[in-house]
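Reviewing the structure listed below.
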Amino acid sequence: MNTVIHSAVTETLLYHEQTKHHFHRYARSAGFLDWANQPNPFRFYEGVTAVRLPLLQKDPASEHLALYERRRNAFQDFTRETIGAFLELSLGLSAWKSIAGSTWALRMNPSSGNLHPTEAYLILPALPGVTASIFHYNSFLHALEPRAQVPETLWQQIKEHLRTDGFLVALTSIFWREAWKYGERAFRYCQHDVGHALAALSFSANLLGWKVTWLSAVSDEEIGRLLGFDRTQWPEFELEHPELLCFVHRNRTQRIPRDLPREIVSEFSGLEFQGTPNQLSEDHVDWEIISRVAEATAKPQSWEGAFAAAGAPGLPDRRRPFYAPTVRSGIPAAQIIRQRRSAVALDGVSSISKDQFCTMLDKTLPRETCAPFDLGLPVSCVHLLLFVHRVTGLEPGLYFLLRAERDLPALQQKCHRHFLWRPVDEALPLYLLQAGDFRSTAMSVSCRQSIAGDGAFSLGMIARFREELETAPYRYRHLFWETGMIGQVLYLEAEAQGVRATGIGCFFDDPVHELMGPPDNAFQSLYHFTVGGPREDARLVTRAAYHHLEASVR
Ligand SMILES: Cc1cc2nc3c(=O)[nH]c(=O)nc-3n(C[C@H](O)[C@H](O)[C@H](O)COP(=O)(O)O)c2cc1C
């Protein structure tokens, strides 16, 4: 390992250690909510004329499984309307909620603390009613804010290189939005949110017959150049950090190059950018360790192997049919996306069947031709440690879903000797580790949140960790993205099965590891989740997602 990589790995490991929650001490944060400086969850570019996108008058009619299976969705042309649908069903608003004088917007994609650090940018070719440009997506207005025009010849070069029609989409993070509430641990939550947003984009693209492919070779610096970030006047501490760049294209297109040539990227340096980002907070706290881990995990140019490369060893059979395809949901795909919510409380009584449970878990397995795990992230590294509470047909206990078979020997070697590793279903890599009532354990390791014990099941996402970081420190972000993507699948599957999920970013890290065996950092738990029957809060008032635009848009 060269010295630059070595010090980046050390910095990243230090960040991870320092931002663990412990039973006796939480990771560092302000410790109180400075409401006067709560960051605006919406980014606006001042000084530009936004291009309004139409809202869907009628959702795609596709059924539940069309979320995943590419072959079920016919290709729709790239137009202002379909780009609007793509964004509405992934990053658009889903509702407004209010209670006791306070009102907030929810979105199709979830976010830790509903703070929404993830921003999206599109680089579009010329379409009827749209000039080829770099745009920021403003979800409040459901509009594209133009930042710079892209000359026709430049788009031609991009298209020739990527070999087909389509457009580019980039995700970025504003760390301050999360750090305002969560302090040093915020960087982790931003990365989870990127994963959720990425999966949300992959699902909505799929419903339009499109596919999202991650351009794995592109560096963060190059993404910043494409988006004009080096020529943007950021309010102090509110800088946006490039996370990833994807190409959206027809779903059946074969091999897409995963890079952008230097000549193309450098042409973006000559474009004229307009617009000034709005200020999100008056005052800020500088969580310096976040800047350090951001730098340590910044992605240089590289070549990542496709995550679903044919013949990759140790992956589940990616072409096999879904588990119990009869356990289908009658809820249409777009409705599942629209109704996704986090449960604030679970009822502590509802159960689900083993078929429902396995159906949900099965969707989290990577498949070569299915959204969202076919967008080309590196090889899957995240497994599920499951606390099964109320699943009829399965005894309560601690279970393990192995999402990458190659990790089994290492995991068995690390884990407690008394774990059974007993397969419980021939169609799924699911193992019983230990029978028993894990409700209070699940709750206590999930920062004592009762939702972790009151559901049908909850889980910790266990990632192959140290080795991945040593391969490349920027893999730290990818591991969190993978957990966010798994989380997005669980959110949608819970809705499809008539229950509800909640992501749990707050958990006590090492106590989870101790549950598995003597802790070290070969594997780490990165994200928790819970699924069960929701207990609704009848006091909440709901309003339509875009009621605030109704007069002006439609
Ligand atoms: C990364 C992440 C971590 C989260 N952590 C928690 C948590 O620890 N406890 C909790 O009750 N909700 C948690 N949530 C749920 C969010 O609070 C929720 O997504 C947000 O309020 C928006 O609501 P919605 O999901 O209904 O759109 C988390 C969500 C995400 C995406």
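Bear in mind these aren't lab numbers, they're just calculated from the coordinates by the rules spelled out. It should be emphasised that the depicted structure is a prediction, and the values quoted were computed from it without experimental measurement. Quick reminder, even Gly has a Cβ in these numbers, built from the backbone with ideal geometry, and neighbours come from all protein chains shown.
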Taking max minus min of the Cα coordinates of the stretch 216-278 on each principal axis, largest first, gives extents in Å of 42, 22, 18
Here the Cα Rg-to-2.2 N^0.38 Å ratio for the stretch 333-532 is 0.95
Between the alpha carbon centres of the stretch 478-545 and the stretch 253-296 the gap in Å comes to 28
Fewest to most Cβ atoms within 10 Å: Glu550, Glu63, Glu88 sort as Glu550, Glu63, Glu88
The base-10 log of I(q)/I(0) that the Debye equation returns for the chain at q = 0.05 Å⁻¹, one scatterer per C-alpha, is -0.18
Simple spin-label estimate for Arg25/Val344, 7 Å along Cα→Cβ, in nm, reads 3.4
With bins of 5 Å, the percent of all Cα-Cα pairs of the stretch 1-86 per bin from 0 is 3, 9, 8, 9, 9, 8, 9, 12, 19, 13, 2, 0
Given Cβ charges of +1 for Lys and Arg and -1 for Asp and Glu, the option among Thr164, Phe203, His142 whose Cα lies farthest towards the positive end of the dipole of the stretch 142-247 is Phe203
Listing Met485, Met360, Met1, Met516 by rising number of other beta-carbon atoms within 10 angstrom, fewest first, gives Met1, Met516, Met360, Met485
Once both label points are put 7 Å beyond Cα along the C-beta direction, the Ala126-His416 separation in nm becomes 6.7
In this structure, among Lys20/Lys363; Lys97/Lys211; Lys20/Lys414; Lys58/Lys354; Lys97/Lys181; Lys58/Lys211, pairs with alpha-carbon gaps over 25 Å are Lys20/Lys363; Lys97/Lys211; Lys58/Lys354
Here the relative contact order (percent) of the chain, from C-alpha pairs under 8 Å and at least 6 apart, is 19
The distance between the Cα centres of the stretch 58-121 and the stretch 342-394, in whole Å, is 21
Contact order relative to length for the stretch 1-135, counting C-alpha pairs under 8 Å separated by 6 or more residues, stands in percent at 16
By Cβ neighbour count within 10 Å, fewest first, Ser444, Ser269, Ser102 rank Ser102, Ser269, Ser444
With the stretch 12-52 reduced to its Cα atoms and the Debye formula applied, log10 I(q)/I(0) at q = 0.20, 0.34 1/Å amounts to -0.80, -1.11
